[in-house]
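Take a look at the structure set out below.
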Amino acid sequence: MTQQEEIIRRRTFAVIAHPDAGKTTLTEKLLLFGGAIHVAGAVKSNKIKKGATSDFMEIERQRGISVATAVMGFEYGGRKINILDTPGHEDFAEDTYRTLSAVDSVIIVIDGAKGVEAQTRKLMNVCRMRKTPVIVFINKLDRPSKEPFDLLDEVEKELQIRVRPLAFPISNGPTFKGVYNLYEKNLSLFTSDERLTADASTAEIADLASPELDGYIGSKYAEQLRQDVELVEGVYDAFDRDAYLRGELAPVFFGSAVNNFGVRELLECFIRIAPSPRPAPTETREVEAAEAKMTGFVFKIHANMDPNHRDRIAFLKICSGTFERNRNYLHVRSGKQMKFSSPTAFMAEKKSVIDFAFPGDIVGLHDTGNFKIGDTFTEGEKLKFTGIPSFAPEQFRYIENADPLKFKQLAKGIDQLMDEGVAQLFTSALNGRKIIGTVGALQFEVIQYRLEHEYGAACRWEPISIHKACWIDSDNAAQLADFKRRKHTNMATDKHGRDVFLADTSYALALAQENFKDIRFHFTSEF
């Protein structure tokens, strides 16, 4: 297969949602239909002890939430599909935002009973900023849900995007009958004993007026479906793929992921309409997927995917060219040539060594501590990909060693977890104490748990009152030196030695910005 053919058959997307909308369950069912797994691990079911395929960290299994992005690849219908299952919990949103820089499209999962929730709106804003095409999957219709047209209106209003239903539900809750596929003109019937395998009965009904429909779902529901579909066709414009690819129109599907309903319809339509790898922006130019030379960037680093080996894996998104095993590539930040003897492809924590990877693929590189999030690899050109944010933390605590004998383990653990981007480490200029800053409070729990279980290091937290951390720089060296002297008690350095101002109140921050006009205050570390 030529490189161009490989690019065209790639689909790389993220599944995003508010916590508990059924995102991980949907990911599993997509894998089930793709033949990547043969029986789904119901996420919270005690009957199946395996747990969800994509939640592979111990803490994820205990809490029943995803705290790190998982990458899974499989083949379906002649397409190579790469799914990134992201954390929904807002405390881990930073991981999700970074993941969105590595995908070409997105599936947003919405709970049919709760509708659009706060985290969904935030994630949609990031998609809108990047003009990422989105498909909406309204989930949990096997439970009592809002009316479909109310949900469609809510999605349009809350997510500020035009919608077009491509599937329509027949009732919901206890009387949920199934999903009519407007795109394929066929009917999937609901029999809930097929939830763990990929078998669902579909009836081909090209003409809804046919009495056959009544035979399948009863005349009351058949009549309702005819009216609903007529209304859909009357109210909504025909599906326009170009508008979807520009991020202006969201196709909507309905279903019940836990019961496999509507998932096949979603997947079949997705592989037809979703974009293959798109151009990636750098500081100097746009990189097209079809370029001959390999380029890629690291959007995530994960320590201890295998706790027995203390390994760190950097996730590299290939943007152009062909990535080859044992070939030299330029690590742009360090200026060094590097080659990789065992690059891996993922199926959650299961890894397999690959010889080649193409644009859209996510490759795991073994990392001994050389890589940072945002690092670029090329065949010689000095590029820096943009749009990989690292946000200013909003929660802060001192980290203290709880076991003096484990000082080395704690230092190594903090060092590696900070490289993953789960939180940020600041060293106070006043007393040299280490401060950890995170986007959400739950991250402190995760850090403490992982330090103890993965590095054998015990830590304890102590409170500190900080309103916001912001990176500072200036072309006026005298003013910068004066600022650092006056604000000595509030100054710190980050892991890379850059100056950080730790403002204790919003008033102090506003005053500093007003009094020191030549100093730039940055709220993301991408500057």
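The values are calculated or read from the model by the stated rules, or taken from the named source; none is laboratory data. Predicted model only: the values in this text are computed from it and were never measured. Neighbour counts are summed over all protein chains in view; Cβ atoms, including those assigned to glycine, are modelled from backbone coordinates with ideal geometry. The area values use the complete protein model at the heavy-atom level, side chains included, leaving out ligands, DNA and RNA. Shrake-Rupley method; radii C 1.70, N 1.55, O 1.52, S 1.80 Å.
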Along each principal axis, Cα extent of the stretch 468-517, largest first, Å: 27, 22, 16
Local electrostatic count, residue 398, Cβ distance below 12 Å [Lys/Arg +1, Asp/Glu -1]: +2
Among the listed pairs 300/412; 131/185; 484/517; 317/384, those beyond 24 Å (Cα-Cα): 131/185
Förster-model FRET efficiency, 25 Å R0, residue 291 and residue 331, C-beta, rounded to 0.05: 0.85
Residue 408 versus residue 214: modelled label distance in nm, points set 7 Å from Cα along the beta carbon direction: 8.1 nm
Alpha-carbon centroids, the stretch 445-461 and the stretch 101-127: separation in whole Å: 31 Å
Global form of the stretch 142-189, assessed from the alpha-carbon gyration tensor, a/c cut-off 1.5: oblate
Of 80/468; 382/487; 372/434; 293/372, pairs whose Cα-Cα distance is over 32 Å: 80/468; 382/487
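From the convex hull of the Cα coordinates of the stretch 409-506, what is the mean projected area in square nanometres?
Average projection, Cα convex hull of the stretch 409-506: 6.7 nm².
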The stretch 400-444 versus the stretch 483-515: alpha-carbon centroid distance in Å: 20 Å
Carbon/sulfur fraction of accessible area - the stretch 426-496, other protein chains in place, 1.4 Å, %: 50 percent
Cut-off under 5 Å, modelled amide H: who pairs with residue 459 long-range: 402
